[in-house]
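This report concerns only the one structure given below.
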Amino acid sequence: MVCRYHSLTDISDVLWKAVSFMYIAAASPNRASMGATNGFAQVVVSVMRAVGPAVANSAFSISIERQYLGGNMVYCVMAGMVWVAMGAGILLPRAVRNNYVA
């Protein structure tokens, strides 16, 4: 059972990365600026991967220490972040434009 779960998480990880890179490539105005656009996206992802766990751990610690919602406020905040991310995903265009041949 663990192997199936692990393989499903790997597949979903690959899929969201592929889709996000399609949108990043489509966001560059021309082929010459595609490297800068991709570099900026990588910087944003790296910063979020560095800052995200620290913020989540701090929010969890504060939630328990001050007993906000019985120590469970961090889960409400994270669920809210998921809803915001899903709303942002809905705003993405259905088709990715392709201005140039890769």
Give me the compactness ratio for the range 2-91, meaning the Cα radius of gyration over 2.2 N^0.38 Å. 1.42
Under a point-charge model restricted to the Cβ atoms of Lys and Arg (+1) and Asp and Glu (-1), what is the dipole moment magnitude of the range 2-91 relative to its Cα centre, in debye to the nearest 20? 120
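At 0.36 nm per residue, and after removing the present C-alpha to C-alpha distance, how many nm does the segment from residue 23 to residue 10 gain when stretched out fully? The partial results should precede the final answer.
Working: separation 13, 0.36 × 13 = 4.68 nm, distance 2.04 nm.
Full extension of this stretch gives 2.6 nm more.
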Dipole axis of the range 2-91 (+1 Lys, Arg; -1 Asp, Glu on Cβ), positive-most option in 86, 53, 32: 32
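Please state the relative contact order of the range 2-91 as a whole percent: Cα pairs under 8 Å, 6+ residues apart?
12
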If the chain between residue 32 and residue 51 were fully extended at 0.36 nm per residue, the gain over the current Cα-Cα distance would be 3.8 nm
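Read-outs throughout are calculated quantities, based only on the coordinates presented, and are distinct from any laboratory measurement. Since the model is a prediction, treat every value here as computed from it, not as a measurement. Every residue, glycine among them, receives a Cβ derived from its backbone with ideal geometry; neighbour counts consider all protein chains shown.
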